[in-house]
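The values are calculated or read from the model by the stated rules, or taken from the named source; none is laboratory data. Computed from a prediction, not measured in an experiment: that's the story for all the values here. Counting neighbours? That spans all protein chains shown, and the Cβs are built from the backbone with ideal geometry, glycine included.
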Amino acid sequence: MASSNKPMEIGTVGALTLSVASSVSIVIVNKYLISTLGYRYVTFLTALHMLVTVGALRVAARSGWLEPKSIDRGALLRFSILNGVSIGFLNLSLGFNSVGFYQMTKLAIIPCTVAIQTIFYAKQFSARVKGSLCVLLGGVAVATVTDLELNTIGSVMSICAVVTTCVSQIWTNTMQKTYGVSSTQLLHAASPYMALTLGFISVPLDGFLVGGSPLYYEYSAPVVFVAALTCAIAVAVNFSTFLVIGKCDAVTYQVLGHLKTMLVLMFGFVALNNPVAGKNILGIAIALAGMVAYGVAENADKKAAEQKGGGSVLPVTGNGGANGGAK
């Protein structure tokens, strides 16, 4: 019995390890390309990530690893445009902010999404969830206002990222329920339109924000190599998400997300030498405590809802996915 379970255990550990390694690497390598090598055309880079993802998902479908499903074209187009824009804003937030500020932006997605669900969808959340979100928001507030690299453009990009990602996450849940598709099947259907959206807006938007054009940029060998590496890691992020789905329960998935967040912050401070103040560290610590408390409260509410036979609470996460910003 033990021997038959061993391959499954190894496969699960491998999937979880790949998920953590790829999710952390995509943020750090993207930031290295942008800040250290000076490649500032973030939206164009995101479009390349999505284009490579399209190809990888097509290979997965032809190899039988993924079963494509049809989705209403109009709904898919609207979803794809919003999702593509939200990923673009998340990566722009990374480009114009420190890694710490970027991670706080992603954490702010959680309370924002809960607020939208409460106001527009009449969803109810327990006092435990609301209390944990207050702690999280307090930490985010302290961490962001004390960030030593705080700037106007980065702040605007982060606000846009939070709003579009919140709506995108809600739409993702709705699309999956409406059409009976997994997150990977939805990405397979939407990714070509997302790539087109990002490709269409990348050149004018990047030109407006940083000047010049990615089409006329003088690409050095290091920039080409690291950009290609980020594309490969983006595929690994999507592939690991596909592997992890169904291999772990909700608690494990929450812990996995917390681990990714803390590792990204640690590498941001250590590997990229991000400037940091004591109050900034305090704010991040408070936000992380709020994030963990939220995960515990959310899982408790889910169990209570299941015992009562009611609908489960919609999971909300601030942990990014593919391309350093996907949900």
Members of the stretch 158-186 that are part of a helix (DSSP H, G or I) and among the β-branched types (Val, Ile, Thr): Ile159, Val162, Val163, Thr164, Thr165, Val167, Ile170, Thr172, Thr174, Thr178, Thr184
Give me the pairs: first residue in the stretch 158-170 and closer than 9 Å to Val85 by Cα, second residue among the aromatic types (Phe, Trp, Tyr) and buried (at least 17 other Cβ atoms within 10 Å of the Cβ), beta-carbon distance under 6 Å, and six or more apart or on different chains, which are they? Ala161/Phe89; Thr164/Phe89
When residues of the stretch 279-313 are limited to those that are closer than 24 Å to Lys177 by Cα, crowded, with 17+ Cβ neighbours inside 10 Å and aliphatic (A, V, I, L, M), the one modelled with the highest pLDDT: Ala297
Within the bounds of the stretch 89-109, is there any residue that is surrounded by fewer than 18 Cβ atoms within 10 Å (Cβ to Cβ) and in a loop (DSSP other than H, G, I, E, B)? no
Candidates Thr252, Thr230, Thr261, Thr241, filtered to the one that is at pLDDT 85 or above, within 18 Å of the chain's Cα centre (by Cα) and not aliphatic (A, V, I, L, M): Thr230
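Yes or no, residue by residue, for (1) out of contact with any Pro (no Cβ under 9 Å at 6 or more places or on another chain); (2) free of Cβ contacts under 8 Å to residues at least 40 places away in the same chain; (3) more than 15 Å from Leu94 (Cβ to Cβ):
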position: Gln176; (1), (2), (3): yes, yes, yes
position: Val181; (1), (2), (3): yes, no, yes
position: His188; (1), (2), (3): no, no, yes
position: Met194; (1), (2), (3): yes, no, yes
position: Thr197; (1), (2), (3): yes, no, yes
What are the residues in the stretch 39-88 that are surrounded by fewer than 24 Cβ atoms within 10 Å (Cβ to Cβ), over 18 Å from Ala228 (Cα atoms) and either in contact with a Lys or Arg (Cβ under 8 Å, 6 or more places away or on another chain) or among the aliphatic types (A, V, I, L, M) (or both), if any? Val59, Ala60, Ala61, Leu66, Ile71, Ala75, Leu76, Leu77, Ile81, Leu82, Val85
Among residues of the stretch 51-75 being closer than 25 Å to Lys106 by Cβ and not small (Gly, Ala, Ser), the residue nearest to the chain's Cα centre (by Cα) is Thr53
Residue hits (the stretch 189-212; among the aliphatic types (A, V, I, L, M) and closer than 18 Å to Val235 by Cα) are Ala189, Ala190, Met194, Ala195, Leu196, Leu198
